[in-house]
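The values are calculated or read from the model by the stated rules, or taken from the named source; none is laboratory data. Keep in mind the model is a prediction, meaning the values are calculated, not measured. Every residue, glycine as well, gets a Cβ built from its backbone with ideal geometry; the counts of neighbours run over all protein chains shown.
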Amino acid sequence: MSQPEKKGTQGFTDEERAAMKERAKELKAEARANKNRAEGESDVLAKIAEMPEPDRAMATRLHEIITASAPALSPKTWYGMPAYARDGKIVCFFQSAHKFNARYATFGFNDTANLDEGAMWPTSFALKELTAAEEERIGALVKRAVS
């Protein structure tokens with residue numbers, strides 16, 4: 001007496017098993033990415049908490065603006081500064097004035113930012129304070145940088 005042909009393990013076809021394996025890989029990759037993002041954000045918030053005022057307030061507000069303007073960017077520290085990356089490459093960063101005893105903080109972009117405009121364009125900005133105008137400009141620049 002011959003055995004009936006089985007569709008596969010627990011009644012699934014080869015294609016269904018392959019799709020489930022692929023989805024399991026995706027879920028694992030997503031979990032790793034979320035864990036790395038959460039760890040990165042935790043590191044950034046810890047660095048911000050270490051900053052003296054007014055840098056701490058600016059960095060906190062910048063973090064809010066950047067994460068709202070470009071949720072695809074992952075927070076991480078970069079040379080001990082809050083930074084935001086896409087595909088592991090830093091797009092923008094904040095450098096406190098206190099870190100290098102400067103008279104102003106710096107908000108900057110790396111070459112992965114999509115800000116090219118002609119043959120010359122700004123890649124970093126001095127910050128003494130954040131007003132509504134600066135916040136709006138930064139939000140627009142961050143959106144453009146990841147476009």
Please determine, by comparing only the residues of region 125-147 that are within 16 Å of Ala57 (Cβ to Cβ) and without any contact (Cβ under 8 Å) to a residue 60 or more places away in the chain, which one is surrounded by the fewest Cβ atoms within 10 Å (Cβ to Cβ).
-> Ala132
Is it fair to say Gly80 is touching a Lys or Arg at 6+ places or on another chain (Cβ under 7 Å), surrounded by 11 or more Cβ atoms within 10 Å (Cβ to Cβ) and at pLDDT 85 or above?
-> yes
For region 100-121, the count of residues that are within 21 Å of the chain's Cα centre (by Cα) and not acidic (Asp, Glu) equals 10
In this structure, is Glu117 loosely packed, with under 14 Cβ neighbours inside 10 Å, in contact (Cβ under 8 Å) with a residue 12 or more places away in the chain and farther than 27 Å from Lys35 by Cα?
-> no
Restricting region 40-49 to residues that are surrounded by 13 or more Cβ atoms within 10 Å (Cβ to Cβ), more than 11 Å from the chain's Cα centre (by Cα) and more than 18 Å from Leu127 (Cβ to Cβ), the residue that is modelled with the highest pLDDT = Leu45
The residue from Ala29, Ala126, Ala133 that alone is out of contact with any His (no Cβ under 7 Å at 6 or more places or on another chain), modelled with pLDDT of 95 or more and assigned to a helix (DSSP H, G or I) is Ala133
